[in-house]
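Asks: Below is one structure. I have some questions about it.
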Amino acid sequence: MKHRQLSIPLGRIEAFSDGVIAIIITLMIFQIKLPVIDKAATSEFIMMQIYNMLQPFIAYVLSFIMIGVLWVNHHQFLRQLKHADRHLLWYNLHLLFWMCILPIPTNFLGQAYQQPGVIMLYGFVMFMCALAFLLIREYVDRHELFIDGLNVKLRTAARKKLILSVILYFISIFAGFVSVYISLGIFVLIPAAYFLPANITVSEHGEEK
């Protein structure tokens with residue numbers, strides 16, 4: 001007889017994940033150091049301080065969007081499941097672990113995006129985030145945790161897009177040693193692709209819309 005684990009309500013895993021992701025976003029913005037400007041500061045000095053903040057801020061925006069894409073997809077993904085189990089909790093923790101690491105390479109990226117080593121670290125962490133998400137999907141698919149009637153085309157399209165993201169992030173780890181702009185282009189391209197309109201949507205009950 002096939003062994004079945006005790007089902008776990010999805011609300012618990014969703015609430016915990018939302019809390020962790022909110023903390024990650026908050027920690028990243030705290031890494032942008034604000035300058036101290038007194039009343040005697042000149043306009044040129046103030047503009048220089050703003051300019052010095054620009055690179056870390058762009059790095060924050062990039063990571064914020066990437067985390068936002070992960071959060072949106074994570075939310076939609078959980079809505080497609082019947083329930084969670086113990087193994088799925090550990091797979092989800094694996095994903096959250098790599099997302100928690102992201103503030104570190106984001107800080108480095110904001111300081112020295114021209115360095116291939118910094119690009120490699122950022123690409124590696126994003127690769128592991130995408131891979132962790134793919135592992136969750138594969139586990140759910142193998143153990144038939146998707147809700148009944150979920151559109152097969154929807155599942156296939158989401159899986160293909162995620163696999164492509166994993167491949168591109170893997171390429172970005174090494175592409176920076178050829179040109180950092182190749183990797184930076186990948187970092188921008190992947191989240192941008194998730195803003196393209198989808199042809200198939202699904203309701204919370206798995207009905208095609």
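Asks: Based on this model, can you work out whether Tyr169 counts as over 16 Å from the mean Cα position of the chain (by Cα) and either more than 24 Å from Leu10 (Cβ to Cβ) or open to solvent by less than 40 Å² (accessible area, probe 1.4 Å) (or both)? I'd like the intermediate steps shown before the answer.
Replies: On the way: over 16 Å from the mean Cα position of the chain (by Cα): no; either more than 24 Å from Leu10 (Cβ to Cβ) or open to solvent by less than 40 Å² (accessible area, probe 1.4 Å) (or both): yes.
The answer is no for Tyr169.
Asks: Which one of Ile147, Ile67, Ile104 is surrounded by 20 or more Cβ atoms within 10 Å (Cβ to Cβ) and either under 30 Å from Ile32 (Cα atoms) or over 20 Å from the mean Cα position of the chain (by Cα) (or both)?
Replies: Numbers: Ile147 fails: surrounded by 20 or more Cβ atoms within 10 Å (Cβ to Cβ); Ile104 fails: surrounded by 20 or more Cβ atoms within 10 Å (Cβ to Cβ).
Just one listed residue meets the conditions, Ile67.
Asks: Counting only residues that are of a type in the set (A, V, I, L, M) and at pLDDT 95 or above, which one in the range 88-101 is surrounded by the fewest Cβ atoms within 10 Å (Cβ to Cβ)?
Replies: Of the range 88-101, the ones of a type in the set (A, V, I, L, M) are 88-89, 93, 95-96, 99, 101.
From what is left, the residues that are at pLDDT 95 or above are 93, 95-96, 99, 101.
On the way: Leu93: 14, Leu95: 22, Leu96: 19, Met99: 26, Ile101: 16.
Per the stated criteria, the residue is Leu93.
Asks: Tell me, which residue of the range 32-50 that is assigned to a helix (DSSP H, G or I) and of a type outside the set (S, T, N, Q) is surrounded by the fewest Cβ atoms within 10 Å (Cβ to Cβ)? Steps first, please.
Replies: If we filter the range 32-50 for residues that are assigned to a helix (DSSP H, G or I), which is where we start, we get 43-50.
Next, only the ones that are of a type outside the set (S, T, N, Q) stay: 44-48, 50.
Working: Glu44: 8, Phe45: 13, Ile46: 12, Met47: 10, Met48: 13, Ile50: 12.
This residue is Glu44.
Asks: Identify the single condition in (1) more than 24 Å from Ile24 (Cα to Cα); (2) part of a helix (DSSP H, G or I) that Gly149 does not satisfy, given that it satisfies every other one.
Replies: (2)
Asks: Let me ask something else about it. Conditions first: (1) at pLDDT below 95; (2) part of a helix (DSSP H, G or I). Tyr113 passes all but one, so which condition is the exception?
Replies: (2)
Asks: If I filter the range 122-144 down to residues being open to solvent by 60 Å² or more (accessible area, probe 1.4 Å) and in a helix (DSSP H, G or I), which single residue comes out as nearest to Ile173 (Cα to Cα)? Lay out the reasoning, then the answer.
Replies: At the first step, the residues of the range 122-144 found to be open to solvent by 60 Å² or more (accessible area, probe 1.4 Å) are 124, 135, 141-144.
Next cut, in a helix (DSSP H, G or I) only: 124, 135, 141-142.
Working: Phe124: 6, Leu135: 20, Asp141: 28, Arg142: 29 Å.
Checked the range 122-144; the qualifying residue nearest to Ile173 (Cα to Cα) is Phe124.
The values are calculated or read from the model by the stated rules, or taken from the named source; none is laboratory data. What you see is a predicted model, and the numbers here were worked out from it, not measured in a lab. Positions of Cβ are generated from backbone atoms using ideal geometry, with glycine treated the same way; all protein chains shown enter the neighbour counts. Protein only, heavy atoms only, side chains kept; ligands, DNA and RNA dropped before computing areas. Shrake-Rupley method; radii C 1.70, N 1.55, O 1.52, S 1.80 Å.
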